[in-house]
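Chemist: Pasting a structure here, questions to come.
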Amino acid sequence: MGSIYLIRHGQASFGADDYDVLSPIGVEQAQVLGRHLADMGLVFDRCIAGDLRRQQHTATAAFDQYRTLGLPVPALETDSAFNEFDADAIIRALLPDLLSSEPDALDILRNAAQNRSEFQRIFALIIERWLAGTYDPPGLESWLGFVERVQGGLQRILELADNTQKIAVFTSGGTITALLHLITRMPAAQAFELNWQIVNTSLNQLKFRGREVALASFNSHTHLQLLKAPQLITFR
């Protein structure tokens, strides 16, 4: 059977003006991942990333470790189907209707880095409304539209793959969640409960034969745990 390794990007710059940049910890996580994959003897036939900078940078930082060791590295392909959902757009669209029951939500979101637990609570409420689909204004990518986009990316991979290939996909937590929902048929709300647990640079392995796909492992971050450095285990 073939394997697709879904890899979440390294830690981004949460609370900064531009989230879509790896933090110094995020770069280190990607480098540790690359060395771990090389130590495992994994040689990839294809490498794909969304077009977000944090996804692309995670891929290049990881595979720079392969190049240092003289190991083969496939060309990095880009498919925007594996981009994360637009959290900022969802918040802007769905926050106004939430303010009547959560009057402090706007202040919490504006100061997210100083209110991480409250930010997570408010963000989870907004995502719950997004999943329901009853609050979406015109022009916002719906949950169902997001799932359809991600499914298209997976189908394109399978159309070109044979059953012996190992394929790396550098993506984001929401994208991995959508794929879990598609492959395991778990309800969206349940899938998002797992989303909050996905560690930066974790490995999620899919096995495939033809168009049949199964989940083989979820959220493996042994490469970080072995270092016994808790600061490297992050969730944003």
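Every number in this text was worked out from the coordinates using simple rules, so none of it is lab data. What you see is a predicted model, and the numbers here were worked out from it, not measured in a lab. Glycine also receives a Cβ, built like all others from the backbone with ideal geometry; neighbour counts cover every protein chain displayed.
Chemist: So how do Val43, Val73, Val32 line up by other beta-carbon neighbours within 10 Å, fewest first?
Modeler: Val43, Val73, Val32
Chemist: Taking the number of other C-beta atoms within 10 Å as the exposure measure, put Ile91, Ile126, Ile7 in order starting with the fewest.
Modeler: Lowest to highest Cβ neighbour count: Ile91, Ile126, Ile7.
Chemist: Placing +1 at every Lys and Arg Cβ and -1 at every Asp and Glu Cβ, with all other atoms neutral, what dipole size does the chain have around its Cα centre, in debye to the nearest 20?
Modeler: For this selection, approximately 780 debye.
Chemist: Rounded, prolate or oblate: which fits region 191-236 when a ≥ b ≥ c are the square roots of the eigenvalues of the alpha-carbon gyration tensor, with rounded for a/c under 1.5 and prolate only if a/b beats b/c?
Modeler: It is oblate, given that a/c is not under 1.5 and a/b is not larger than b/c.
Chemist: What is the projected area of the convex hull of the Cα atoms of region 1-79, averaged over all directions, in nm²?
Modeler: Hull-based average projected area comes out at 5.4 nm².
Chemist: Return the whole-Å distance between the Cα centroid of region 34-57 and the Cα centroid of region 66-113.
Modeler: Taking the Cα centre of each part, region 34-57 and region 66-113 sit 20 Å apart.
Chemist: Test of understanding: ordering Arg116, Arg110, Arg129 by Cβ neighbours within 10 Å, fewest first, what list do you get?
Modeler: Exposure proxy ranking, most exposed first: Arg110, Arg116, Arg129.
Chemist: Using the Kirkwood radius over Cα pairs, work out the Stokes-Einstein diffusion coefficient for region 87-132 at 25 °C and 0.890 mPa s, in µm²/s as a whole number.
Modeler: 235 µm²/s
Chemist: What do you get for Rg/Rh over region 49-142 if you use C-alpha atoms and the Kirkwood form of Rh?
Modeler: Reported Rg/Rh (Cα atoms, Kirkwood Rh): 1.15.
Chemist: Could you give the length gained by full extension between Leu144 and Leu42, i.e. 0.36 nm per residue of separation minus their alpha carbon distance, to one decimal place?
Modeler: My answer for the length gained is 33.3 nm.
Chemist: In Å, what Kirkwood hydrodynamic radius results for the chain from the alpha-carbon pair distances?
Modeler: Evaluated on the chain, it is 18.4 Å.
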